[in-house]
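The structure appears below as structure tokens.
The values are calculated or read from the model by the stated rules, or taken from the named source; none is laboratory data. What you are looking at is a predicted structure, and each value in this text was computed from that prediction instead of being measured. Cβ placement follows ideal geometry from the backbone for every residue including glycine, while neighbour counts extend to all protein chains displayed.
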Amino acid sequence: MSRNLELFERGKQVIPGGVNSPVRAFGQVGGTPRFVKRAEGAFFWDADDRQYLDYVGSWGPAILGHAHPDVVKAVQEAATDGLSFGAPTEGEVEIAEEICRLLPSVEQVRLVSSGTEATMSAIRLARGFTGRDLIVKFEGCYHGHSDSLLVKAGSGLLTFGNPSSGGVPADCTRHTMVLQYNDVQQLADTFKDLGDKIACVILEPIAGNMNLIQPSAEFVQALRSLTEQHGAVLIYDEVMTGFRVALECAQGLHGITPDLTTLGKVVGGGMPLAAFGGRADIMAKIAPLGNVYQAGTLSGNPLSVAAGLATLRLIQQPGFHATLGARTARLAQGLAETARKAGVVLSSDSVGGMFGFYFSEQVPTSYAEATRCDIERFKRFFHAMLEEGIYLAPSAYEAGFVSIAHDDALIERTLEAAARAFARIA
Ligand code: PMP
């Protein structure tokens, strides 16, 4: 029996579904999850010692590839000096300075341990700052699993969300409106009706949780101007896009200055670290300065900070994002070309080190369009690639991630494997 299967069966006895985060269970694609034994650069090895070229990269953090020696060394050195203190450290000041320097919209920043905490805290802060309750999010954008964000769109014209998870009281989502990504008219109408009640709008400025979906320039401009006009806080959730799509993040690419930004993934270099920050007048509302409470035993953990700082330094090397972006674009374009040659309908897109491919004629622009692609084809392609030793996200609705360790030769190797996989599923 495969050791992966053995571990999965054992895990299921003591861990719900055998995994500590649902997508890892291969629920959408079926089959046995690969249990990772170790990882290095662009590769990981599973419990059967089989090697995979990894396009998940811990769902975003591994922008340098796995186990980059400088990052590992930074963590080892930090560990020698103690694991957690519950008192401030120099590293926290340094990483906060670095984040503020890299993101002009962020005047002050607070460190937390997960993206979920970052967005939950940013929303509480926006509500505390504005004294308003309503929040606006977009269908298909994921911002972690805090109660008020686990909402699905209401049916028909109802924009007030219903809980998308058991255990979330309808009361908790009563103040959350769910609008359609890229729908400028709906956004404008909503602000016209309820603008003075909206505390904040939160969005994935380049969505990666409904496959990769980019906003139109009109949409991001409307978001900025409407929130500004109505005194609502604009929150760019850059947990996924932060330092991955560009050094200046999605906000830099869009030329938009959000009021608050959330970060995670890359900023922690693979360790549990996330952050929220932005305008100093808003951040001043957070305890201990203000009355909006937020705290954490492991916030600003020294090992996480060390990994984050080492990562932020390395990604600032000249040409880093240009190289990463060019390789990712080659992969995305190559996938579409290879599919076409095999007679498979496929479109693709990429921004910086993030990519999407869609079993549909056109690149989708909304959740409704993203969920219209051919899921059965995706599943067969996923497994065909897995057999080729290429590990893609085990879900059709997740973006893919490329690291700087994915060199040109590895991208070409992936495209050769894809040609064989497309031929098999055509
Ligand atoms: N926001 C976005 C945009 C994300 O992609 C994610 C996680 N994929 C989160 C928030 C939540 O982050 P975490 O899983 O670290 O809680």
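Brief remarks on what is shown
- Look at the range 69-96: where a residue is in contact (Cβ under 8 Å) with a residue 24 or more places away in the chain, no partner that is surrounded by fewer than 11 Cβ atoms within 10 Å (Cβ to Cβ) and of a type in the set (Phe, Trp, Tyr) sits 6+ places away or on another chain with Cβ atoms under 8 Å.
- Per-region count, the range 126-168, residues part of a loop (DSSP other than H, G, I, E, B), hydroxyl-bearing (Ser, Thr, Tyr), away from the ligand (no atom under 16 Å from the Cβ) and at pLDDT 95 or above: 0
- Index of the failed condition, Gly352 passing every other in (1) touching an Asp or Glu at 6+ places or on another chain (Cβ under 7 Å); (2) at positive phi: (1)
- Leu298 vs. criteria within 16 Å of the ligand (Cβ to nearest atom), surrounded by fewer than 23 Cβ atoms within 10 Å (Cβ to Cβ), touching a residue at least 12 places away in the same chain (Cβ under 8 Å) and not in a loop (DSSP other than H, G, I, E, B): no
- Test: residue in the range 253-262 that is out of contact with any helix residue (DSSP H, G or I) (no Cβ under 9 Å at 6 or more places or on another chain) and in the same structural domain as Ala74 (by TED's automatic domain parsing): yes
- Restricting the first member to the range 252-277 and to residues that are free of Cβ contacts under 8 Å to residues at least 60 places away in the same chain, and the second to residues that are within 11 Å of the ligand (Cβ to nearest atom) and aliphatic (A, V, I, L, M), the beta-carbon pairs closer than 9 Å and six or more apart or on different chains are His254/Ile206; Ile256/Ala250.
- Top-ranked residue in the range 103-118 [being part of a loop (DSSP other than H, G, I, E, B), surrounded by fewer than 22 Cβ atoms within 10 Å (Cβ to Cβ) and of a type outside the set (D, E, K, R); ranked as nearest to the ligand (Cβ to nearest atom)]: Ser114
- Pairs with Cβ under 8 Å, 6+ apart, first in the range 186-210 and at positive phi, second in a helix (DSSP H, G or I) and within 16 Å of the ligand (Cβ to nearest atom): none
- Checking Ile282 against (1) within 23 Å of Pro104 (Cα to Cα); (2) out of contact with any helix residue (DSSP H, G or I) (no Cβ under 9 Å at 6 or more places or on another chain); (3) not polar (S, T, N, Q), the condition it does not meet: (2)
- Restricting the range 14-59 to residues that are among the hydroxyl-bearing types (Ser, Thr, Tyr) and surrounded by 14 or more Cβ atoms within 10 Å (Cβ to Cβ), the residue that is farthest from the ligand (Cβ to nearest atom): Thr32
- All positions within the range 331-364 that are more than 17 Å from Ala396 (Cβ to Cβ) and surrounded by fewer than 18 Cβ atoms within 10 Å (Cβ to Cβ): Gln333, Glu337, Arg340, Lys341, Ala342, Gly343
- Residues that are away from the ligand (no atom under 16 Å from the Cβ) number at least 2 in the following helices (runs of 4 or more DSSP H) confined to the range 169-269: 170-173, 184-194, 217-230.
- Scanning the range 60-90 for residues that are among the small types (Gly, Ala, Ser), under 21 Å from the mean Cα position of the chain (by Cα) and buried (at least 22 other Cβ atoms within 10 Å of the Cβ) returns Gly60, Ala62.
- Among the residues of the range 228-275, the one identified as in contact with a His (Cβ under 7 Å, 6 or more places away or on another chain) and either surrounded by 24 or more Cβ atoms within 10 Å (Cβ to Cβ) or modelled with pLDDT under 95 (or both) is Asp237.
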